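S.K.: Okay, handing you the structure first.
The values are calculated or read from the model by the stated rules, or taken from the named source; none is laboratory data. Bear in mind the structure is a predicted one, so any value in this text is a computation, not a measurement. All Cβ positions, glycine included, derive from the backbone under ideal geometry; neighbour counts span all protein chains shown. For accessibility, only protein heavy atoms count, side chains too; no ligands or nucleic acids. Shrake-Rupley method; radii C 1.70, N 1.55, O 1.52, S 1.80 Å.
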Amino acid sequence: RVEDLDPTAATPGDVLAGIVKTRPNVVYERPLSSDPRCDRPLDPTKPLSSQGLGHGSMVHCRVDASTCVENTVVANESSAANDATDAEGKIEGGGGGNTRRVIDKDGSIKLVHAEGQSAPGGAERGFRKGLLPLRDMKMAWTLQEFTAMDDKYNFKIKRQDASFVGSGGVHLESTAANDFQGYLRRFQFQQQRFGYLYGKFMDEEEPEEKEKEEEKPATSGWGARMPESDKKKTKKNAKVVVEAIYEPPQEADAEAAEGFVILDDPEEESVEKLAEMLGLRRVGWIVGHPPREEGFQLSAAEIIMAAELQLESAGGVEPTPFVTVRVTVSDDGNVVVEAFQVSLQCMEMVAEEALDVGPNPGFCYVNETFTAIQEGKPSTTVENNFFLTLVPINGYQSDTFVSQFPRANRAFDDRAQTHDEMRRQLSKSGKNGWTFVDLLSDFALLLYLCKFLDVGTDMPKVCRSVRDREVPLDDGYKIIISSMAGMDGSY
């Protein structure tokens, strides 16, 4: 976490300067980026605000872990005395011992004892576990400053009553959803898999309340931060309309917390450009998993991933209609499809890196730097369901898109993306009411065409005819695509 950044003028360089203050020797392997894979580096010359980043936004980079160790801190044993409050109400940090701070593999800061030394009484010098001692931050603190500082690391856990999606809920395209769950059935739902949902947010203002409630304070109990949803009324969306599902490259891995490993995607940029040309955007994600015991909805890893994706969609800790859809099978063999959102408080805690994955996947573990308060008492874990809000879900048949072409990035599937599959699909043109553009209006097929047609000049024209059937597709493109499919120009 980097403090004291100007929200309007700060640049990536200011973030790096903030990191240097505590870790001066870091060697960067990949630059600061807006995505976890560091494929979208930030422009170092532009303010963060102009790049869609603000308070609570997550910035990613890759570093050489061996360069993250700070200098050894040696403190006089006599200063291991106790933190004391003087007559003027100022608090001075104490603690001592020969220690050094290191960055662990999971990114958390840890204090470890230097070789051959032991901290008096086993105490750490940090203000909180993983943080600098008070005196390393500044020499003197007022009680008010100390309390304000401590409040940043306290969260009073409270369930969010409703999602940020309106009563319309999620409308999931039935054919695309059936194809996704059909692939999971090939493995008896014993492999975990995910995909991104592309569609539209249909906006609607939340109705005004009859009686205006009194404004609640920003803190409650222990000085802990309350969920943002308690402090302001937010705009809702009538419904989320899902038109297509895209499954990025991945490998099922039962040992991974998420149940899969996300691989580099060479088509990521084409997917986003195609969605934009079709008037679509990423509106959620879908995850399929093996059957679970009753009441166990999403694992801790899935909760954290959902929060990260909501943060990315909202551009920070802000309300967003971005949804999580889970697909599994019940004991009687019927498919179960449900939609959720994680709460704003969960988004904030993930943005602050306050939640971790632990041995029990049904609980989120609270990072030792932070304190979660439940029912007035500190808790080291939070049950996943506390962070979830249920979203209504409905199936529908798209009027614009079909979902017939084989999906990319699937192993052991009966069909693969080939020109022969193009011919099989497009040759239905003129039969049973199908037109050439009707059959071309398939997200997977259009993405396949992006490999052969120019994404900058050709695909926008093709997509324009898909979006608006009043705009005829140029005969030249029909001939080119038919020829690619081996249809001898017939269409």
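S.K.: Using DSSP to call loops (not H, G, I, E or B), can you name the trypsin sites (Lys or Arg not before Pro) in region 249-296 whose Cβ has at most 16 other Cβ atoms within 10 angstrom? Mind showing how you got there, number by number?
M.R.: On the way: sites: 273, 281, 282, 292; in loops: 292.
Answer in residue order: 292.
S.K.: Which residues in region 411-455 place their backbone N less than 14 Å from a point set 7 Å from the Cα of residue 397 along the Cα-to-Cβ direction?
M.R.: Counting backbone N atoms under 14 Å from the label point, the list is 432-434.
S.K.: A further question on this structure: With 20 Å as the cut-off, how large is the P(r) tail for region 230-376, expressed as percent of Cα-Cα pairs? Intermediate results must be reported in sequence, preceding the final value.
M.R.: On the way: 6128 of 10731 pairs.
Roughly 57 percent, once rounded to a whole number.
S.K.: Looking at this model, which pairs from 46/158; 21/129; 129/158; 431/451; 156/273 are more than 30 angstrom apart at the alpha-carbon?
M.R.: Numbers: 46/158 38 Å; 21/129 19 Å; 129/158 24 Å; 431/451 28 Å; 156/273 41 Å.
Where the Cα-Cα span goes over 30 Å, the pairs concerned are 46/158; 156/273.
S.K.: In debye, nearest 20: dipole of region 140-197 around its Cα centre with unit charges on the Cβ of K, R (+) and D, E (-)?
M.R.: On the way: 7 positive and 6 negative charges, 67 e Å.
The calculated dipole for region 140-197 is roughly 320 debye.
S.K.: Of 406, 426, 385, which is farthest on the positive side of the dipole of region 380-430, counting Cα position, with +1 on Lys and Arg Cβ, -1 on Asp and Glu Cβ, and the Cα centre as origin?
M.R.: Result: 426.
S.K.: Now, a different point. For residue 21, put the label point 7 Å out on the Cα→Cβ axis and report which residues of region 141-182 keep their amide N under 19 Å from it.
M.R.: 141-142, 145-153
S.K.: Keeping all protein chains in place, calculate the accessible area per residue for region 335-411 (probe 1.4 angstrom), answer in Å².
M.R.: Working: 3130 Å² over 77 residues.
Computed with neighbouring chains in place, this is 41 Å² per residue.
S.K.: Rounded, prolate or oblate for region 420-468? Axes are the square roots of the Cα gyration tensor eigenvalues, ordered a ≥ b ≥ c, and the cut-off for rounded is a/c under 1.5. Intermediate values should be presented prior to the final figure.
M.R.: Details: a/c = 2.73, a/b = 1.48, b/c = 1.85.
Oblate, since a/c reaches 1.5 and b/c is not below a/b.
S.K.: Right, another one. So, with +1 on the Cβ of K and R and -1 on the Cβ of D and E, and no other charges, what is the size of the charge dipole of region 342-491 about its Cα centre, to the nearest 20 debye? Provide the component values of the computation, followed by the final result.
M.R.: Working: 14 positive and 21 negative charges, 149 e Å.
Computed charge dipole of region 342-491: roughly 720 debye.
S.K.: Report the FRET efficiency, 1/(1 + (r/R0)^6), for residue 261 and residue 151, where r is their Cβ-Cβ distance and R0 is 35 Å, rounded to 0.05. It would help to have the intermediate numbers written out before the result.
M.R.: Numbers: r = 38 Å, r/R0 = 1.08.
The pair residue 261/residue 151 has a calculated efficiency of 0.40.
S.K.: Would you mind checking region 157-190 for residues with the amide N under 15 Å from a putative spin-label position 7 Å along Cα→C-beta of residue 254?
M.R.: Answer for region 157-190: 187-190.
S.K.: Which order do you get for 48, 445 if you rank them by accessible area with a 1.4 Å probe, largest at the top? Don't skip to the answer; put the middle values down first.
M.R.: Working: 48 20, 445 0 Å².
Heavy-atom accessible area, descending, gives 48, 445.
S.K.: Sort 55, 419 by accessible area with a 1.4 Å probe, largest first.
M.R.: 55, 419
S.K.: Considering only protein heavy atoms and a 1.4 Å probe, what is the carbon-and-sulfur percentage of the accessible area of region 119-201? Show your work: numbers first, answer last.
M.R.: Details: 1820 of 3680 Å².
So the carbon and sulfur contribution to the accessible surface is 49 percent.
S.K.: From largest accessible area down, sort 277, 139, 347, 202; use a 1.4 Å probe on the protein chains. Let's see the in-between values first.
M.R.: Working: 277 35, 139 125, 347 0, 202 80 Å².
Ranked list, largest accessible area first: 139, 202, 277, 347.
S.K.: Can you pull the accessible area of residue 264 for me, 1.4 Å probe, Å² to the nearest 10?
M.R.: Rounded to the nearest 10, the figure is 110 Å².
S.K.: Between residue 467 and residue 175, what is the label-point separation in nm under the 7 Å Cα-to-beta-carbon projection?
M.R.: Each label point lies 7 Å from its Cα, and together they span 2.1 nm.
S.K.: Just in region 362-448: which chymotrypsin sites (Phe, Trp or Tyr not before Pro) are loop by DSSP and have at most 11 other Cβ atoms within 10 Å? Kindly include the intermediate steps, with their values, before the conclusion.
M.R.: On the way: sites: 363, 365, 370, 386, 387, 396, 401, 412, 434, 436, 443, 448; in loops: 370, 401, 412, 434.
The qualifying sites are 412.
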